[in-house]
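The values are calculated or read from the model by the stated rules, or taken from the named source; none is laboratory data. Being a predicted model, the structure only gives us computed values, none of them experimental. Positions of Cβ are generated from backbone atoms using ideal geometry, with glycine treated the same way; all protein chains shown enter the neighbour counts.
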Amino acid sequence: MRDASPAKTYALHIGVIMLLFALNFIMPDYHQGLFARIMALAVFAMGYNLLFGYVGLLSLGHAMFFSAGLYGAGLTVYHLGWGVPEALVAGIACGALLALVIGLLALRTSGVAFMIVTMMFAQVFYLMILYFAAWTGGDQGLVIQQASRVIAIGGVSFDLTDPTVRYMGALALFSVVLLITLALVRSRFGRVLVAIRENEERTKMLGYDTVANKLVAVVASGAICSASGAAYALLFGYVGSNFASIQYSILPLLWVLLGGAATTLGPLIGTLFMYYVTDITSGFTSAYLLIVGVALILLVLFAPKGIMGSIRERWLGWLP
Amino acid sequence: MTPLLTTKGLSRQFGGLRAVDGVDFALMPGEIRAVIGPNGAGKTTFVSLLSGRIRPSSGAVVFDGVDITAMPAYQRVRLGVAYTFQITSVFANLTVFDNVALPVQRTLTDGRTKGQVRTGVMAALERTGLADRAGTLAAHLSYGHQRLLEVAMGLALKPRLLILDEPTQGLADSEIDNFIALVRGIARDATVLLIEHNMPVVMGLADRITVFNSGKILAEGTPGEIRANGEVQDAYLGATHG
């Protein structure tokens, strides 16, 4: 917010959305599918970034919010036969409610304790999914049939298994969340969140109830991450317990670090970068995770603020 | 006239140390009160108890007729008790504008400031002479300007009681004169309580002076009375007499 130029900022973000829209029509099928996945998961990264980047709260349990959305949407479709829009709302509601409860408990701690507490809650959530295998499908997961993944609006029906519909579905969610986070971090509330990250004690002495503000941020972050999970279940038709495992708590952290914490576009760039590095390297070696690891180490050494963070620092100070 | 702030038997122990020990204190609305005393006398602990940064071991704090002893710090700020830190504690990675926008947008919601954030911020920056630095990162300000920014943030809270903890520490003499004028201006619509070591500042500004020693109030009076007080000279001013 060094230079207040809302027009330029919004133009950039809408430009990114339009670029993604155009890419749908020129990309080969394989990359179209990959991009749909990346956009859905970038929403997860954006939700994580809201809490980690802007408020400075490092959670190691965000897989539970993602999978609350995943299962909230997936199970209502699978068991109750709900439609796609209702399932999406159910997924987000599950994630937001879970985030409220976890936030009330975990925000009694901070720093390392907050990391451990969130990680432990996420493990409980993961084990519960395995325990209630009769409903969740346990470690096998559940496949949501094509017939359940059709949205009928008016007389037109959209089949989410169609690559272009799926791409546009992911893009729609991505765009909405991108613009919401942009508006959020530019708002007065966003300024308070950054102030809490920079100096919580001082923020309190300016009359702010920092715990209440952090709780709102946790719920917003949880709701966004669960929207990503719900969309993932509905777009790709699979609900599985591996999405609740510790790996999916660490991945958004890596994506955000890579792309640039506390930047609005960083989560997309980080997710994109990581997906393609994995994709390209796994083509010629089975040790692709090694290369991913080396790439991360190089990044932390030479660009600790991530890709967008470094761009902001060196060239574009106005980036939000 | 009823006091704006009173304390009764206010005490705070750290282990075996009684940092503040049974202090009865009263502050009248509109006055500039200086708190002085040797290092370790309990001055900062005392004002921290007033602002709510730390909780008392016993005793009570009453602000404008309301018992605020158990009230968290952020709520006291909303009542109008503002505290500026002894160690400069501005948001280094935010701009000067954003630093002041935080208290301004806070007071907008409870109605103590009218209008837009920008108007309120620029008013506070004009008063402290920082208006032309609004876009600078706070970390890039000189130390003296950071102290002024700290005061601007306090001002922007529209406090009824502004507590300044060693505001002139580290300022150059030329800056101190401006500072005295600034505090006089603030005192036109707020009560000021300042901890200060710089004696010319204390004598020039304060209506009354409270002298702390070993966690207790040793003396209280006008600058003239304090200057003439033999006990104070022994404890603090260090003059050997007699």
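Inside segment B:1-38, can you point out the residues that are among the charged types (D, E, K, R) and either within 14 Å of B:Arg160 (Cα to Cα) or in contact with a Ser or Thr (Cβ under 9 Å, 6 or more places away or on another chain) (or both)? Break it down stepwise before answering.
Quick first cut of segment B:1-38, residues among the charged types (D, E, K, R) only: B:8, B:12, B:18, B:21, B:24, B:31, B:33.
Answer for segment B:1-38, where residues must be among the charged types (D, E, K, R) and either within 14 Å of B:Arg160 (Cα to Cα) or in contact with a Ser or Thr (Cβ under 9 Å, 6 or more places away or on another chain) (or both): B:Arg12, B:Arg18, B:Asp21, B:Asp24, B:Glu31, B:Arg33.
Residues in segment B:56-71 that are free of Cβ contacts under 8 Å to residues at least 24 places away in the same chain and either exposed (fewer than 14 other Cβ atoms within 10 Å of the Cβ) or away from chain A (no Cβ under 14 Å) (or both): how many? Full working, then the answer.
So in segment B:56-71, the residues free of Cβ contacts under 8 Å to residues at least 24 places away in the same chain come out as B:66-71.
In the following step, the residues that additionally are either exposed (fewer than 14 other Cβ atoms within 10 Å of the Cβ) or away from chain A (no Cβ under 14 Å) (or both) were identified as B:66-67, B:69-70.
So the answer is 4.
Does B:Val211 meet the test of being outside the structural domain of B:Glu150 (by TED's automatic domain parsing) and not in a helix (DSSP H, G or I)?
So B:Val211 passes the test.
Test of understanding: among B:Leu108, B:Leu94, which residue is within 14 Å of another protein chain (Cβ to nearest Cβ), farther than 20 Å from B:Val192 by Cβ and modelled with pLDDT of 90 or more?
Numbers: B:Leu108 fails: modelled with pLDDT of 90 or more.
Only one candidate passes the filter, namely B:Leu94.
Which residue pairs have Cβ atoms closer than 8 Å, lie 6 or more positions apart in sequence or on different chains, and pair a first residue in segment A:304-315 that is at positive phi and without any contact (Cβ under 8 Å) to a residue 60 or more places away in the chain with a second residue that is in a loop (DSSP other than H, G, I, E, B) and crowded, with 21+ Cβ neighbours inside 10 Å?
These pairs meet every condition: A:Gly306/A:Gly260; A:Gly306/A:Ala261; A:Gly306/A:Thr263.
Would you be able to tell me the number of residues in segment B:10-43 that are within 21 Å of B:Gln75 (Cβ to Cβ) and either within 14 Å of chain A (Cβ to nearest Cβ) or of a type outside the set (A, V, I, L, M, F, W, C) (or both)?
Matching residues across segment B:10-43 total 2.
Give the residue that is farthest from B:Thr109 (Cα to Cα), with candidates limited to residues of segment B:159-176 that are surrounded by fewer than 21 Cβ atoms within 10 Å (Cβ to Cβ) and touching a residue at least 24 places away in the same chain (Cβ under 8 Å).
Pass one, segment B:159-176, residues surrounded by fewer than 21 Cβ atoms within 10 Å (Cβ to Cβ): B:160, B:166, B:169-176.
From what is left, the residues that are touching a residue at least 24 places away in the same chain (Cβ under 8 Å) are B:160, B:166, B:169-172, B:175-176.
Numbers: B:Arg160: 17, B:Glu166: 30, B:Gln169: 33, B:Gly170: 35, B:Leu171: 34, B:Ala172: 37, B:Glu175: 34, B:Ile176: 34 Å.
The qualifying residue farthest from B:Thr109 (Cα to Cα) is B:Ala172.
Considering only segment A:309-320, I want to know if a residue exists there that is assigned to a helix (DSSP H, G or I), surrounded by 16 or more Cβ atoms within 10 Å (Cβ to Cβ) and under 21 Å from the mean Cα position of the chain (by Cα). Outline the logic, then answer.
Of all residues in segment A:309-320, those assigned to a helix (DSSP H, G or I) come to A:309-314.
Of the ones still in play, those that are also surrounded by 16 or more Cβ atoms within 10 Å (Cβ to Cβ) are A:309-312.
If we keep only those that are under 21 Å from the mean Cα position of the chain (by Cα) too, we end up with A:309.
Within segment A:309-320, one or more residues are assigned to a helix (DSSP H, G or I), surrounded by 16 or more Cβ atoms within 10 Å (Cβ to Cβ) and under 21 Å from the mean Cα position of the chain (by Cα).
Between A:Ala233, A:Ala170, which is farther than 26 Å from B:Arg118 by Cβ, touching a strand residue (DSSP E or B) at 6+ places or on another chain (Cβ under 9 Å) and surrounded by 15 or more Cβ atoms within 10 Å (Cβ to Cβ)? It would help to see each step written out before you state the result.
Working: A:Ala170 fails: touching a strand residue (DSSP E or B) at 6+ places or on another chain (Cβ under 9 Å).
Result: A:Ala233 is the single residue among A:Ala233, A:Ala170 that is farther than 26 Å from B:Arg118 by Cβ, touching a strand residue (DSSP E or B) at 6+ places or on another chain (Cβ under 9 Å) and surrounded by 15 or more Cβ atoms within 10 Å (Cβ to Cβ).
Within segment B:154-164, does at least one residue satisfy the condition of being part of a helix (DSSP H, G or I), within 24 Å of B:Thr45 (Cβ to Cβ) and assigned by TED's automatic domain parsing to the domain that holds B:Leu27? Spell out the reasoning first.
So in segment B:154-164, the residues part of a helix (DSSP H, G or I) come out as B:154-156.
So of that shortlist, the ones also within 24 Å of B:Thr45 (Cβ to Cβ) come out as B:154.
Checking which are assigned by TED's automatic domain parsing to the domain that holds B:Leu27 leaves us with none.
Checking segment B:154-164: not a single residue is part of a helix (DSSP H, G or I), within 24 Å of B:Thr45 (Cβ to Cβ) and assigned by TED's automatic domain parsing to the domain that holds B:Leu27.
Consider A:Thr76 carefully, then state whether it is within 30 Å of A:Gln146 (Cα to Cα), surrounded by fewer than 24 Cβ atoms within 10 Å (Cβ to Cβ) and hydroxyl-bearing (Ser, Thr, Tyr).
yes
From A:Ser249, A:Ser228, A:Ser175, which residue is under 13 Å from the mean Cα position of the chain (by Cα), more than 14 Å from every other protein chain (Cβ to nearest Cβ), more than 30 Å from A:Trp318 (Cβ to Cβ) and in contact (Cβ under 8 Å) with a residue 24 or more places away in the chain?
Numbers: A:Ser228 fails: more than 30 Å from A:Trp318 (Cβ to Cβ); A:Ser175 fails: more than 30 Å from A:Trp318 (Cβ to Cβ).
Going through A:Ser249, A:Ser228, A:Ser175 in turn, just one is under 13 Å from the mean Cα position of the chain (by Cα), more than 14 Å from every other protein chain (Cβ to nearest Cβ), more than 30 Å from A:Trp318 (Cβ to Cβ) and in contact (Cβ under 8 Å) with a residue 24 or more places away in the chain: A:Ser249.
Considering only residues of segment A:208-225 that are under 21 Å from B:Asn93 (Cβ atoms) and either modelled with pLDDT under 95 or buried (at least 19 other Cβ atoms within 10 Å of the Cβ) (or both), which is farthest from the chain's Cα centre (by Cα)? Step through it out loud before you land on a result.
Step one: list which residues in segment A:208-225 are under 21 Å from B:Asn93 (Cβ atoms), which gives A:208, A:210, A:213-214, A:217.
If we keep only those that are either modelled with pLDDT under 95 or buried (at least 19 other Cβ atoms within 10 Å of the Cβ) (or both) too, we end up with A:208, A:210, A:214, A:217.
Numbers: A:Tyr208: 28, A:Thr210: 24, A:Lys214: 18, A:Ala217: 14 Å.
In this case the residue turns out to be A:Tyr208.
Only residues that are more than 7 Å from every other protein chain (Cβ to nearest Cβ), under 21 Å from A:Glu198 (Cβ atoms), buried (at least 16 other Cβ atoms within 10 Å of the Cβ) and not hydrophobic (A, V, I, L, M, F, W, C): list them for segment B:72-91, please.
Answer for segment B:72-91, where residues must be more than 7 Å from every other protein chain (Cβ to nearest Cβ), under 21 Å from A:Glu198 (Cβ atoms), buried (at least 16 other Cβ atoms within 10 Å of the Cβ) and not hydrophobic (A, V, I, L, M, F, W, C): B:Thr84, B:Gln86, B:Thr88.
Here is a list of conditions, (1) among the hydroxyl-bearing types (Ser, Thr, Tyr); (2) farther than 28 Å from A:Ile144 by Cα; (3) buried (at least 24 other Cβ atoms within 10 Å of the Cβ), and A:Tyr71 meets all of them except one; can you say which number that is?
(2)
Tally up the residues in segment A:252-268 that are among the aliphatic types (A, V, I, L, M) and either free of Cβ contacts under 8 Å to residues at least 60 places away in the same chain or part of a loop (DSSP other than H, G, I, E, B) (or both), please. Give the steps one after another, and end with the answer.
Initial filter on segment A:252-268 (among the aliphatic types (A, V, I, L, M)): A:253-254, A:256-258, A:261-262, A:265, A:268.
Retained after the next criterion (residues that are either free of Cβ contacts under 8 Å to residues at least 60 places away in the same chain or part of a loop (DSSP other than H, G, I, E, B) (or both)): A:254, A:257-258, A:261-262, A:265.
Final tally of qualifying residues: 6.
Going by the conditions given, is B:Ala134 surrounded by fewer than 23 Cβ atoms within 10 Å (Cβ to Cβ), more than 9 Å from chain A (Cβ to nearest Cβ) and modelled with pLDDT of 90 or more?
Working: surrounded by fewer than 23 Cβ atoms within 10 Å (Cβ to Cβ): yes; more than 9 Å from chain A (Cβ to nearest Cβ): yes; modelled with pLDDT of 90 or more: yes.
Answer is yes for this residue.
So which of A:Phe273, A:Phe284 ends up being part of a helix (DSSP H, G or I) and farther than 23 Å from A:Ala195 by Cα?
Numbers: A:Phe284 fails: part of a helix (DSSP H, G or I).
The match here is A:Phe273.
Tell me which of these B:Asp98 doesn't satisfy, since it passes every other one: (1) free of Cβ contacts under 8 Å to residues at least 60 places away in the same chain; (2) in contact with an Asp or Glu (Cβ under 6 Å, 6 or more places away or on another chain).
Here B:Asp98 meets the rest and fails (2).
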